[in-house]
Amino acid sequence: MNAFRLLADLTHLLSIIILLVKIRTTKSCAGISLKTQDLYVLVFISRYLDLFTRPLSLYNTPFKLVFLATSITIVYYMRYHKVVKQTYNKDSDTFKHYFLILPCAVLAFFINPKFTFIEVLWSFSIYLEAVAILPQLVLLQSSSNIDNLTGNYVFMLGAYRALYLLNWIYRFFAEDVVRWIPWIAGLVQTALYADFFYYYIKSWRNNERLKLP
Amino acid sequence: VPSKHVKDEL
């Protein structure tokens, strides 16, 4: 465990808390892509199947359970909550997210640490997580104004993987750990946020409302 | 560099 890793996981957790606070206090999921949230449920279920096969960890296990529970809760709110579901921008959430799943599955089938059920699903979840933000970014681009909580949510969600990159660099030098699959996927994942980061920081410095061109 | 596979991350 190093500071980058701890900070990364806390940032990830904070992003989810921000989203839940937004949904619960404003009773609105405006600006949030249900397709991205669906993909996260799939990501966590396929990655954390090892909850059943690996020994419990005082650090990892609670995080895994929280990520699973919160992602399912968010999707539940967006689909079924009487008030919240009416605020969902269905017509702007146009990204064909199913088209992300098949290429990730094919990639995981061929590129994995070990050709076993758990390892292929793990690889699938790493690839799918890298691109899961795309529907959300497309939705934000079509929004004329992005509320603070939504902007902060997406920022924290992107910052988390960027902090993992620092953690991986640290571990490479300090612990000799080499893991190509999450490294390359994490790099792609962070790169997809580049544009968003740019406009987020710009609007923050100019004290303006966030808007993507 | 051979890939060491340790799944101790989230």
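The values are calculated or read from the model by the stated rules, or taken from the named source; none is laboratory data. Predicted model only: the values in this text are computed from it and were never measured. Here the Cβ positions follow ideal geometry from the backbone for every residue, glycine too, while neighbour counts run over all protein chains shown.
If only residues of region A:187-203 that are farther than 16 Å from A:Pro135 by Cα and within 22 Å of the chain's Cα centre (by Cα) are counted, the one that is surrounded by the most Cβ atoms within 10 Å (Cβ to Cβ) is A:Tyr200.
Which residues, counting only those in region A:118-163, are among the charged types (D, E, K, R) and either part of a helix (DSSP H, G or I) or touching a strand residue (DSSP E or B) at 6+ places or on another chain (Cβ under 8 Å) (or both)? If the condition is that a residue be among the charged types (D, E, K, R) and either part of a helix (DSSP H, G or I) or touching a strand residue (DSSP E or B) at 6+ places or on another chain (Cβ under 8 Å) (or both), then A:Glu119, A:Glu129, A:Arg161 are the ones that fit. Assess whether A:Phe110 counts as being within 17 Å of A:Ile184 (Cβ to Cβ), modelled with pLDDT of 95 or more and either among the aromatic types (Phe, Trp, Tyr) or surrounded by fewer than 19 Cβ atoms within 10 Å (Cβ to Cβ) (or both). Yes; evaluated as a whole, the condition is true for this residue. Of all the residues that make up region A:165-213, how many are touching a residue at least 24 places away in the same chain (Cβ under 8 Å), among the aromatic types (Phe, Trp, Tyr) and either assigned to a loop (DSSP other than H, G, I, E, B) or within 14 Å of chain B (Cβ to nearest Cβ) (or both)? The qualifying residues number 2.
Condition check for A:Phe173 on (1) farther than 28 Å from A:Val21 by Cα; (2) touching a His at 6+ places or on another chain (Cβ under 8 Å): one failure, at (2). Just one of the numbered conditions (1) out of contact with any helix residue (DSSP H, G or I) (no Cβ under 7 Å at 6 or more places or on another chain); (2) free of Cβ contacts under 8 Å to residues at least 40 places away in the same chain is not true of A:Val41: (1).
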